[in-house]
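The values are calculated or read from the model by the stated rules, or taken from the named source; none is laboratory data. Quantities reported herein were computed from a predicted structural model and do not represent experimental measurements. Neighbour counts run over all protein chains shown; Cβ positions are idealised from the backbone, glycine included. These area figures cover heavy atoms from the full protein model, side chains too; ligands, DNA and RNA do not enter into them. Shrake-Rupley method; radii C 1.70, N 1.55, O 1.52, S 1.80 Å.
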Amino acid sequence: MSPRSRSLRSSLLLAFRRHHRRRSIAAVSIAIVALVAGSLLAGSTAAQAVSPLPCDIYASASTPCVTAYSSTRALYSAYNGSLYQVTRASDNTTFNVGLLAAGDYANAAAQDSFCSGTSCIITKIYDQSSNHNDLTIAGAGAAGAANVGPAASALPTTAGGHSVYGIYLPPGVGYRRTNGTGIATNGGAESMYEVASGTNVNNGCCSDFGNVESTETDTGAGHMDTINLALLNAVGSAGHGPWVEADLENGVFEGGTPVNTSNLGNASKFVTALLKNNGQTTYALKGGNSQTGSLSTWYSGALPSGYAPMHQEGSIVLGTGGDNSNRGTQSFFEGVMTSGYSTDAADNSVQSSIVSAGYAAVSTGGGPGSTIVGPGGKCVDVSGDDTGTNLAVAQLWDCFTLAADQHWSPYALGNGTLSTLGRCLDVAGNSTTIGAKLELYDCNGVGGQKWVPQENGSLLNPQSGLCLDDPSGNTTNGTQLQIYTCNGSAAQQFKITRGTPVIGNGSKCVDVAGDDVGGNLAAVQLWDCLTIATSSPLAIDQQWTLNSDQTVRSMGRCLDILGNSTSIGAKVDIYDCNGVGGQKWVPQSNGSLLNPQSGLCLDDPSGNTAKGTQLQIYTCNGSIAQVVSFN
């Protein structure tokens with residue numbers, strides 16, 4: 001077998017393991033034989049780029065690209081320059097990643113060779129237009145600290161059958177070009193699109209792409225004109241997110257208003273998100289699946305109140321807001337900005353070009369949330385490869401860093417829930433019967449979607465009194481999970497790796513002072529719960545694990561009584577875990593959390609639910625001030 005065929009076979013086997021979980025081995029074996037035979041005859045399954053490309057299309061429609069960025073392919077048929085620059089950690093040397101040929105796909109193998117044995121970050125994204133509006137890593141701004149560059153290898157994917165890399169932009173990672181050339185200003189017309197992940201999204205502000213202020217400050221409504229693919233207006237929205245939205249500064253809009261129930265969202269793995277704005281009276285939002293089909297027009301009408309005319313300033317961002325608000329997340333593959341208001345015909349042709357690019361494999365880079373590691377070191381996973389449809393099987397599968405459907409957000413879509421891809425871990429039929437199977441389903445608040453971590457490492461479903469269970473301890477990939485009599489066995493050990501919220505008095509969350517910094521002696525306090533349910537970005541310092549050694553941990557440190565005190569009223573902080581009695585906590589049947597060394601309970605002083613109230617230990621009394629709930 002030739003090296004090319006061996007590589008093809010390995011790729012297909014990987015695809016079977018990850019992307020076609022429920023097919024029989026026999027069926028995949030047939031496919032392997034057929035495709036390997038085809039490769040021997042045809043030479044390769046990788047495709048050449050199909051012309052015309054997006055910027056060719058827009059130019060022919062008299063709305064030429066003024067910026068064009070991609071880490072995966074050329075956006076002009078004649079382009080044969082660099083796509084992006086990587087910097088190597090071992091010696092700080094840079095390398096420009098180019099194309100296989102003019103108008104073709106990225107030469108990712110050159111990056112792999114350059115970065116072999118070390119790591120690289122993407123330090124520059126080249127503008128393929130003649131304006132040379134290259135993007136570099138964004139500095140600090142009024143609403144966020146300086147950004148860092150993304151790991152160059154964080155998002156391996158494929159386009160046209162070629163191995164390429166997307167750009168993974170978690171919070172704190174973003175790019176900027178100040179005062180770009182040719183970019184619309186002061187009410188000028190413009191259009192823009194991006195291909196991004198529909199699975200690596202959150203509701204943090206703001207992972208945008210488009211036109212922003214000249215300085216990293218908020219200069220008022222209408223001074224931004226950017227695409228935002230996110231969950232920022234999830235509460236009250238229709239369909240299934242994320243939603244293609246416009247961040248216009250001091251407002252993020254699904255249409256003429258922040259929530260537009262005609263905008264049904266775009267939850268595909270790869271999403272085409274498109275915005276066009278005449279700068280004076282009218283704008284439009286469109287979205288589609290980048291792998292197949294056409295665009296849906298979610299809105300076409302008047303600009304929101306207070307935004308006509310626009311006041312764009314002509315700088316460019318990717319991954320942040322105009323004032324460097326950088327708590328959003330996205331995965332980016334390509335995007336352009338044009339001069340003028342594009343025609344619907346041009347938009348449709350561009351979507352056809354995107355579909356022909358053949359994006360496949362993973363799109364997320366892992367995404368937000370936490371893995372749930374179960375028996376055999378396998379992860380709680382959803383059948384269907386990051387599609388997350390209703391009734392999809394909840395199962396065990398080999399842990400896969402880039403799998404969006406193995407990353408679960410505790411509490412984010414309702415008290416006690418575990419959610420991924422916008423849906424909840426659910427007991428089929430809301431059953432309370434031993435052996436009832438688990439699935440993914442729309443979050444609806446029923447008891448079959450509530451999960452509470454226990455001290456022994458199990459996950460209790462309170463409605464049934466049963467625990468999440470791996471049937472007979474079977475760790476074979478694809479084993480569907482169930483609920484079963486709680487027994488503390490290895491088959492019921494499921495660890496939420498980043499923890500869950502702890503809900504206290506007044507539905508406030510147990511929080512660490514300092515906004516996700518978590519240093520020694522930081523006060524442990526009550527604070528508003530920061531989740532999708534409250535339209536706020538997820539707070540890492542509100543995620544706690546309940547451990548078998550009786551510790552409660554967040555950000556690698558332990559819930560701790562200051563000075564290891566046993567006195568009534570002693571304050572609670574976090575501190576390096578050191579095994580002292582002041583770091584031991586035992587949940588009680590009445591909902592309180594007992595510190596055995598002192599015989600006192602975690603307590604909200606005087607039942608004060610004001611944000612920033614530091615917690616203490618106090619005589620156990622079962623009052624509402626001492627009731628806490630994990631997740």
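General remarks:
- In segment 340-354 there is at least one residue that is touching a strand residue (DSSP E or B) at 6+ places or on another chain (Cβ under 9 Å), charged (D, E, K, R), surrounded by 20 or more Cβ atoms within 10 Å (Cβ to Cβ) and at pLDDT 95 or above.
- Output for segment 268-303, where each listed residue is part of a loop (DSSP other than H, G, I, E, B) and either modelled with pLDDT of 95 or more or more than 16 Å from residue 355 (Cα to Cα) (or both): 278, 279, 280, 281, 290, 291, 292, 293, 294, 295, 303
- Residues (aliphatic (A, V, I, L, M), farther than 16 Å from residue 318 by Cβ and open to solvent by less than 40 Å² (accessible area, probe 1.4 Å)) located in segment 108-134: 108, 110
- Residues located in segment 300-329, provided they are open to solvent by less than 50 Å² (accessible area, probe 1.4 Å) and over 26 Å from residue 364 (Cβ atoms): 301, 303, 304, 307, 310, 312, 313, 314, 315, 323
- Screening 241, 222, 255 for residues that are touching a residue at least 40 places away in the same chain (Cβ under 8 Å), out of contact with any strand residue (DSSP E or B) (no Cβ under 9 Å at 6 or more places or on another chain), outside any strand (DSSP E or B) and surrounded by 20 or more Cβ atoms within 10 Å (Cβ to Cβ) leaves exactly one candidate, 222.
- Residue match in segment 280-290 (condition: open to solvent by 10 Å² or more (accessible area, probe 1.4 Å) and aliphatic (A, V, I, L, M)): no
Conditions (1) of a type in the set (A, V, I, L, M, F, W, C); (2) at pLDDT 95 or above; (3) under 20 Å from residue 502 (Cα atoms), marked per residue:
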residue	(1), (2), (3)
403	yes, no, no
413	yes, no, yes
426	no, yes, no
433	no, yes, no
463	no, yes, yes
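- Residue that is nearest to residue 229 (Cα to Cα), among those in segment 175-205 that are of a type outside the set (Ser, Thr, Tyr) and open to solvent by 30 Å² or more (accessible area, probe 1.4 Å): 205
- Segment 569-631 holds strands (runs of 3 or more DSSP E) entirely within its bounds, and those carrying 2 or more residues that are surrounded by 14 or more Cβ atoms within 10 Å (Cβ to Cβ) and in contact with a Pro (Cβ under 9 Å, 6 or more places away or on another chain) map to 593-595, 616-619.
- If the condition is being polar (S, T, N, Q), in contact (Cβ under 8 Å) with a residue 60 or more places away in the chain, under 21 Å from residue 157 (Cα atoms) and open to solvent by 10 Å² or more (accessible area, probe 1.4 Å), then segment 50-93 contributes only 87.
- Checking each residue in segment 523-564 for being among the charged types (D, E, K, R) and either at pLDDT 90 or above or open to solvent by 10 Å² or more (accessible area, probe 1.4 Å) (or both) picks out 528, 549, 553, 557, 560.
- Among the criteria (1) at pLDDT 95 or above; (2) open to solvent by 10 Å² or more (accessible area, probe 1.4 Å); (3) in contact with a helix residue (DSSP H, G or I) (Cβ under 9 Å, 6 or more places away or on another chain), the one residue 361 does not fulfil is (1).
- So residue 214, is it of a type in the set (Ser, Thr, Tyr), over 25 Å from residue 352 (Cα atoms), modelled with pLDDT of 95 or more and open to solvent by 20 Å² or more (accessible area, probe 1.4 Å): yes
- Among (1) on the phi < 0 side of the Ramachandran plot; (2) part of a loop (DSSP other than H, G, I, E, B), the one test that residue 545 misses: (2)
- The C-beta contact set for segment 604-630 (first residue more than 24 Å from residue 514 (Cα to Cα) and of a type in the set (A, V, I, L, M, F, W, C), second residue surrounded by 15 or more Cβ atoms within 10 Å (Cβ to Cβ) and at pLDDT 95 or above, distance under 6 angstrom, 6+ apart or interchain) comprises 620/601.
- Some residue of segment 330-339 being of a type outside the set (S, T, N, Q), surrounded by fewer than 23 Cβ atoms within 10 Å (Cβ to Cβ) and either modelled with pLDDT of 95 or more or closer than 27 Å to residue 83 by Cα (or both): no
- Residues that are open to solvent by less than 40 Å² (accessible area, probe 1.4 Å), of a type in the set (Gly, Ala, Ser) and not in a strand (DSSP E or B) within segment 135-174 comprise 138, 139, 149, 152, 154, 160, 166, 172, 174, listed in sequence order.
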